[in-house]
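A quick write-up on the structure given underneath.
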Amino acid sequence: MTPLLTLIVPIYNGDTYAAENVRTIIRTLETLDEAFEILVVCDGSIDRTLAEVERVGDPRVRVLGYALNQGKGNAICFGVHYARGRLVGWLDADLDIDPRAIVDAVRRFEHVQIDAVIGSKRHRDSQVDYPATRRALSWLFQLLVRSLVQVNVRDTQVGAKVFRREMLDLVVPLLLIKRYAFDLELLAVGAQFGFDRVEEMPVRLDYRFSGTGINRRAVQQMLIDTFAIAYRIHLRHWYVRQFSVHERERTEAQSTLAPPVARASQHAPLETLVGHP
């Protein structure tokens, strides 16, 4: 049976909390009363994270991984490739964000026509507890985002999001950024292709300092990546051109796999049916 939701949980060296947090996520998602799967993606972990998650022993949990640490964005893209759900979301493994946010996000898709539901620290109903320095950096970053990129949300970086599968299937193959600005690139490129129905939801955030953290080098890289995204969108139109390349390659591949008689035919069809994709 196709699950309603695939939840991707990227993790790096989290063997001290991985199993317990995955069990917490399972109990929370069970309140949906819908089929779901959890993909735990080990982003080059060098501890016992993979073994600890496998100990959970739940068939709804799959553990994936690769050898080298390449960033949260890369882990999510890797998970999307294996996702089977009609909705695909992700949640930070340290559970700084209450996993009930994912349940709330999924239920929003039942009531409104939207492409994505994302957690937002700036939602008036959010309950947040994190350092003043992080608050200031977040505010400045979102101010920069709104001035450079056409993304109509107030907070792009919260690690709790759910998307329509169709959006990710189109956008993810075009993405270049694999670390901190991954979320921004995803939302910005999605808007370029008409996936701009994004709803922000409140979150409960309790910052526990259990992740990799945001240091000065990471902040600098986020700024560089943000300007690069704006450059590719507004000046080079890179994503649109890259999408055209992918579509041309896909069409050629399908033509190669077509039956010989169909490929050889030079006759025009009797009818042409035109409709929405």
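What follows is calculated from the coordinates using simple rules that are stated; it is not laboratory data. Every value quoted in this text rests on a predicted model; they were computed, and no experiment measured them. Using ideal geometry, Cβ is built from the backbone for each residue, glycine included, and neighbour counts are taken over all protein chains shown.
The calculated FRET efficiency for residue 237 paired with residue 122, based on their beta-carbon distance and R0 = 25 Å, is about 0.25.
Please say if region 5-240 is rounded, prolate or oblate, where rounded means a/c under 1.5 for a ≥ b ≥ c the square roots of the C-alpha gyration tensor eigenvalues, and otherwise the choice is prolate for a/b larger than b/c and oblate otherwise? List each step's numbers first, then the result.
Numbers: a/c = 1.40, a/b = 1.29, b/c = 1.09.
Judged from the Cα gyration tensor, region 5-240 comes out rounded (a/c under 1.5).
Which residue, 194, 59, 91, has the largest displacement toward the positive end of the dipole of region 5-240 when charges sit on each Cβ (Lys, Arg +1; Asp, Glu -1)? Result: 194. Between region 1-28 and region 94-120, the alpha-carbon centres lie 15 Å apart. Taking the longest Cα principal axis of the chain as reference, the axis of helix 238-257 is set at about 50 degrees. Place a point 7 Å from the Cα of residue 1 along the Cα-to-Cβ direction; which residues of region 66-93 have their backbone N under 20 Å from it? Zone members listed by number: 83-89. DSSP assigns beta bridges within region 5-240; of those with both partners inside it, close to 25 percent run antiparallel. 3J(HN,Hα) along region 75-90: 4, 5, 4, 4, x, 4, 4, 9, 6, 10, x, 6, 10, 10, x, 8 Hz, from the Karplus curve 6.51 cos²θ - 1.76 cosθ + 1.60 with θ = phi - 60°, whole Hz, x for Gly and Pro.
Tell me what the chain gives for mean residue ellipticity at 222 nm when only DSSP H runs of n ≥ 4 count, each as -39,500 (n - 2.57), the sum divided by the residue total, rounded to 500 deg cm²/dmol. Could the numbers behind the result be given before it?
Working: 10 runs with 113 residues, N = 277.
Calculated from helices alone, the mean residue ellipticity at 222 nm is -12500 deg cm²/dmol.
Taking amide hydrogens as placed 1.01 Å from N in the peptide plane, the amide H of residue 66 sits under 5 Å from those of 42, 44, 45, each at least 5 positions away in sequence or on another chain.
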